Amino acid sequence: MSDDRVTVTCDDCGLAETFDALGVARAFVEEHRTETGHDPTWELPSLASGVERAGDEAGVCGRPGCTDTGSPLYQGE
């Protein structure tokens, strides 16, 4: 995989796709979930540590265990 591509995989059906843009990959993941009920995963290119931390604090991943609700970046549920 190139460092600037997003890979989406689904263990339920063996799907494996790569995308040049995060937005397109995210839309594909949501469409696959809606159409199949599967829960695909994605591998993102590496981000600067500050970007990853800010995303975690803002709650962008959507998982309660990785969100800092005390951060000023937290966007709520």
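Nothing in this text is a laboratory measurement; each read-out follows from the coordinates by a stated rule. Since this is a predicted model, take the numbers as computed values, not measurements. Methodologically, a virtual Cβ is constructed for each residue, glycine included, from the backbone with ideal geometry; neighbour enumeration extends over all protein chains shown.
Residue by residue through region 12-55, note down the ones that are in contact (Cβ under 8 Å) with a residue 24 or more places away in the chain and farther than 30 Å from Ser71 by Cα.
Asp12, Cys13, Leu15, His32, Thr36, His38
On the given criteria, is Ala16 surrounded by 11 or more Cβ atoms within 10 Å (Cβ to Cβ) and not acidic (Asp, Glu)?
No: the conditions fail for Ala16.
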